[in-house]
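Q: Dumping the structure here so I can ask a few things about it.
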Amino acid sequence: MQLQQGEKRSLADFGIGAQCAVKVEFGLDGADIAAFGLNKERKIGDDRYVVLFSNTRSPEGAISLVPAAGSAVFSLELDRLPDTIDRVVFTATHDSRPIGDSRPLAVTLGNNAASFDVAQYLSNEKAVMLVEIYRHSSGWRVGTIAAGFAGGLASLISHFGGEVADAPAAAPASAPTPAPAAPAPAASAPPSAPVSLKKVTLEKGNPRVSLQKTGASFGEIILNLNWSQPEQKRGLFGGGPKNVDLDLGVMFELQDGYKGCIQGLGRSFGDYEHEPYIQLSGDDRTGAVSTGETIRVNGRHFDKIKRIGVFALIYEGVPNWQQTDGVVRMTMPGQPEIEIRLVEGRDNSRLCGIALINNVNGTLQVDRHMQYYRDQKQFADDIGIILRWAAGSKD
Amino acid sequence: MAVSLSKGGNVSLSKEAPGLVSVTVGLGWDVRKTDGAAFDLDASAFVVDESGKVLSDGHFVFYNNKTSPEGAVVYGGDNTTGAGEGDDETIKIDFSKLPANAKKVTIAVTIYDGQARRQNFGSVQNAYARVINLADGKELARYDLSEDSSTNAAMVFVELYRSPQGDIKVKAIGEGWESGLAGLASAMGVNLA
């Protein structure tokens, strides 16, 4: 039977049990077919469950690949997959050409029990999720996807919560078994660590959150900016180091009219105990610091703060937000962690206005902003904090 | 714990919440993460009579008609403050204001421009609709739209009605419509421009 895009069916509908063959046929030189074993959050929890030409077998053998010219055949033994693997997503990627150029591009399940003709649904995606097989309360199911990313493999990996260097061409040249890159003893959390249930992610469709004080005050509000570093590279797809350095800064306006800019540049670090009650914790990003950049806001004095515009700045080198995988997290006692990822509208402007924090009658309201600007002044002007820019460089 | 609805099933909301008068139907889904046109899901409500037709065109409540004439059904539009719970669209129903000839309120969910964009419920992640007690915000029933009717871009989600005993009940319909919101509205007796 022929499946349509978006169709979801029980494998049992096709008479398929725990043993399932998934065959991907393609006709495009250089196309790579892979199977990603993902956790409940649809992220890579364990690299060993990414099965592709350089890793043709998951640890227990529940997913294995036999590559051939023009096809890739995966054998699945679903009942042997660990519980942590919630779904297996089959993908096709190409370094330079749209996957839709591939004719044929088709996925077949079992002994021709079901097939899905993917190419008709594609446009310019260089990385495509073809189908997925996933756990459901009613048993294992198959869903057809046929959607992906023009950005290719890097975008796909990032979608799955992993990191990849920007030079996929370098990957096949590296050793087939990735050498774990000097794991820092303290850094136990991989990029796909389980997320806290209390986390709020501000996204395009969900751009605002309002927080009430849980006690007498908001306590210490911590803004942290982090981005991918060469040291944290996953070995899987290899690649060279990046030279991306981001600075975190804020524009602020207090209720008494005092306005300014806090950033590493110009050493305007602010003050935690006195006005403006906002302080940057140094700017010693050397690559050894895994925690990124931090600005602390003294929540005990939140009543005196009118608003804060949070931004990230690339001040050295060519701005390439695509490479940063930047994420800003805001934490404070007794409140959910708020996260905003720098995931869209990336361009070559130096400054990314990330979020606006407003004091709305004592309620702390965070709005995702995600717009790019030439410089601090343009950002400040846009959000209506008018500064005399000569003051920006005083100590 | 809210009742998880499955196709064809019904549940008395008044049993879950004695004295229930008003409910909110909330609709949510995940932002599209792959390339391509965004997913725009819309909730709409039809207040219908015995024959299954709308009481009047004004009793088709959706993004272009936000309130039924007597104010019993109100479209909440995009909810931009739905942090945590994250309903993206809401429809409120006040059963005490419904006209006497209103037999039931049918709630539909459609993907805006779904046919042209070749989008269907199966492509949208974590799409759900739920019924909430307006009085205390407690969730009474929930329906996962992503698994059923996955290849359609419009579906009748639930019907809410009063039982002969006066209970407010919800019935899961889960019927997909090929022809989108326009076809659905016509079938419900709405005079479309």
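The values are calculated or read from the model by the stated rules, or taken from the named source; none is laboratory data. This one's a predicted model, so the numbers in the text were calculated from it and none came from an experiment. Don't worry about glycine lacking a Cβ; one is built from the backbone with ideal geometry, like all the others, and counts go over all protein chains shown.
Q: Here are some residues: B:189, B:84. Which one is at pLDDT 90 or above, on the phi > 0 side of the Ramachandran plot and either buried (at least 16 other Cβ atoms within 10 Å of the Cβ) or assigned to a loop (DSSP other than H, G, I, E, B) (or both)?
A: Values: B:84 fails: at pLDDT 90 or above.
Only one candidate passes the filter, namely B:189.
Q: Considering every residue within the stretch B:136-157, establish whether at least one is farther than 23 Å from residue B:52 by Cα, out of contact with any Ser or Thr (no Cβ under 8 Å at 6 or more places or on another chain) and not in a loop (DSSP other than H, G, I, E, B).
A: yes
Q: Just need a number here: residues in the stretch A:13-49 that are within 14 Å of chain B (Cβ to nearest Cβ) and surrounded by fewer than 16 Cβ atoms within 10 Å (Cβ to Cβ).
A: Adding up the residues that qualify gives 3.
Q: What residue, of B:51, B:14, B:44, is crowded, with 19+ Cβ neighbours inside 10 Å and more than 25 Å from residue B:152 (Cα to Cα)?
A: On the way: B:51 fails: crowded, with 19+ Cβ neighbours inside 10 Å; B:44 fails: more than 25 Å from residue B:152 (Cα to Cα).
Answer to the selection: B:14.
Q: Restricted to the stretch A:133-157, and to residues that are part of a helix (DSSP H, G or I) and more than 10 Å from chain B (Cβ to nearest Cβ), which residue is farthest from residue A:18 (Cα to Cα)?
A: A:154
Q: Here's another thing I want to ask about it. Among B:119, B:115, B:165, which is of a type outside the set (A, V, I, L, M), in a loop (DSSP other than H, G, I, E, B), out of contact with any strand residue (DSSP E or B) (no Cβ under 6 Å at 6 or more places or on another chain) and more than 22 Å from residue B:15 (Cα to Cα)? Even if it seems obvious, please write down each step before you answer.
A: Details: B:119 fails: out of contact with any strand residue (DSSP E or B) (no Cβ under 6 Å at 6 or more places or on another chain); B:165 fails: more than 22 Å from residue B:15 (Cα to Cα).
The unique qualifying residue is B:115.
Q: On to the next question. Let me confirm something: among A:356, A:342, which residue is farther than 24 Å from residue A:212 by Cβ and either at pLDDT 75 or above or assigned by TED's automatic domain parsing to the domain that holds residue A:150 (or both)?
A: Numbers: A:356 fails: farther than 24 Å from residue A:212 by Cβ.
Selected residue: A:342, the only one of A:356, A:342 that is farther than 24 Å from residue A:212 by Cβ and either at pLDDT 75 or above or assigned by TED's automatic domain parsing to the domain that holds residue A:150 (or both).
Q: Sort out which residues of the stretch B:24-50 are of a type in the set (Gly, Ala, Ser), touching a helix residue (DSSP H, G or I) at 6+ places or on another chain (Cβ under 7 Å) and either within 14 Å of another protein chain (Cβ to nearest Cβ) or under 30 Å from residue A:124 (Cα atoms) (or both), and write them in order of number. Working first, answer last.
A: Taking the stretch B:24-50 as the starting set, the residues that turn out to be of a type in the set (Gly, Ala, Ser) are B:26, B:28, B:36-38, B:43-45.
In the following step, the residues that additionally are touching a helix residue (DSSP H, G or I) at 6+ places or on another chain (Cβ under 7 Å) were identified as B:44.
Selection gives nothing.
Q: Related question: When you scan the stretch B:24-44, do you find a residue that is modelled with pLDDT of 95 or more, within 15 Å of the chain's Cα centre (by Cα) and under 20 Å from residue B:167 (Cβ atoms), even just one?
A: No, that holds for no residue.
Q: Suppose we filter A:329, A:368 for residues that are in contact (Cβ under 8 Å) with a residue 40 or more places away in the chain and farther than 20 Å from residue A:253 by Cα; which single one remains?
A: Working: A:368 fails: farther than 20 Å from residue A:253 by Cα.
From the options A:329, A:368, the qualifying one is A:329.
Q: Taking the condition modelled with pLDDT of 80 or more and facing chain A (nearest Cβ under 8 Å), does residue B:152 pass? So that I can check it myself, show each step before the final result.
A: Values: modelled with pLDDT of 80 or more: yes; facing chain A (nearest Cβ under 8 Å): no.
Spelling it out, it is not the case that residue B:152 is modelled with pLDDT of 80 or more and facing chain A (nearest Cβ under 8 Å).
Q: How many residues are assigned to a strand (DSSP E or B) and among the basic types (Lys, Arg) if we restrict to the stretch A:77-113?
A: The initial filter retains those residues of the stretch A:77-113 that are assigned to a strand (DSSP E or B), namely A:77, A:87-93, A:105-109.
Of the ones still in play, those that are also among the basic types (Lys, Arg) are A:87.
So the answer is 1.
Q: Here's something else I'd like to know. Just to be sure before I move on: is residue A:348 modelled with pLDDT of 75 or more and either touching a strand residue (DSSP E or B) at 6+ places or on another chain (Cβ under 9 Å) or under 13 Å from residue A:211 (Cβ atoms) (or both) in the structure I sent?
A: Criteria not met by residue A:348.
Q: Give the residue that is nearest to residue B:29 (Cα to Cα), with candidates limited to residues of the stretch A:206-223 that are of a type in the set (Ser, Thr, Tyr) and away from chain B (no Cβ under 14 Å).
A: Among them, the one singled out is A:214.
Q: State which residue is nearest to the other protein chains (Cβ to nearest Cβ) when the search covers only the stretch A:1-12 and only residues that are surrounded by 15 or more Cβ atoms within 10 Å (Cβ to Cβ) and in a strand (DSSP E or B). Outline the logic, then answer.
A: Quick first cut of the stretch A:1-12, residues surrounded by 15 or more Cβ atoms within 10 Å (Cβ to Cβ) only: A:3-9, A:11.
Cutting the leftovers down to in a strand (DSSP E or B) gives us A:3, A:8-9.
Details: A:3: 9, A:8: 4, A:9: 9 Å.
Filtering first and then ranking leaves A:8.
Q: Scan (1) without any contact (Cβ under 8 Å) to a residue 60 or more places away in the chain; (2) more than 19 Å from residue B:176 (Cα to Cα); (3) within 13 Å of chain A (Cβ to nearest Cβ) for the single condition residue B:72 breaks and write down its number.
A: Here residue B:72 meets the rest and fails (3).
Q: Let me ask you something else. Being within 13 Å of chain A (Cβ to nearest Cβ) and either touching a residue at least 40 places away in the same chain (Cβ under 8 Å) or not small (Gly, Ala, Ser) (or both) is the filter here; which residues of the stretch B:113-142 pass it? First the steps, then the outcome.
A: If we filter the stretch B:113-142 for residues that are within 13 Å of chain A (Cβ to nearest Cβ), which is where we start, we get B:114-115, B:117-127.
Correct list: B:114, B:115, B:117, B:118, B:119, B:120, B:121, B:123, B:124, B:125, B:126, B:127.
Q: Counting just the residues of the stretch A:20-76 that are of a type in the set (D, E, K, R) and assigned to a strand (DSSP E or B), which one comes out farthest from residue A:86 (Cα to Cα)?
A: The first filter runs over the stretch A:20-76 and keeps only residues of a type in the set (D, E, K, R), leaving A:23, A:25, A:29, A:32, A:40-43, A:46-48, A:57, A:60.
Remaining after also requiring assigned to a strand (DSSP E or B): A:23, A:25, A:32, A:57.
Numbers: A:23: 20, A:25: 25, A:32: 23, A:57: 17 Å.
Looking at residues that are of a type in the set (D, E, K, R) and assigned to a strand (DSSP E or B), I get A:25.
Q: Could you please find all residues in the stretch B:107-126 being surrounded by 23 or more Cβ atoms within 10 Å (Cβ to Cβ) and among the hydroxyl-bearing types (Ser, Thr, Tyr)?
A: Listed by number, the residues that qualify are B:110, B:123.
Q: Ok, one more. Of the conditions (1) away from chain B (no Cβ under 13 Å); (2) buried (at least 19 other Cβ atoms within 10 Å of the Cβ); (3) touching a residue at least 40 places away in the same chain (Cβ under 8 Å); (4) not basic (Lys, Arg), residue A:130 satisfies every one except a single condition; which number is it?
A: (1)
Q: Output the residue which, of all residues in the stretch A:86-127 that are acidic (Asp, Glu) and more than 25 Å from the chain's Cα centre (by Cα), is farthest from the other protein chains (Cβ to nearest Cβ). Explain how you work it out, then say what you get.
A: Here is the first cut: in the stretch A:86-127, the ones acidic (Asp, Glu) are A:86, A:95, A:101, A:117, A:125.
Filter again for more than 25 Å from the chain's Cα centre (by Cα), leaving A:101, A:117.
Numbers: A:101: 16, A:117: 14 Å.
Among residues in the stretch A:86-127 that are acidic (Asp, Glu) and more than 25 Å from the chain's Cα centre (by Cα), the one farthest from the other protein chains (Cβ to nearest Cβ) is A:101.
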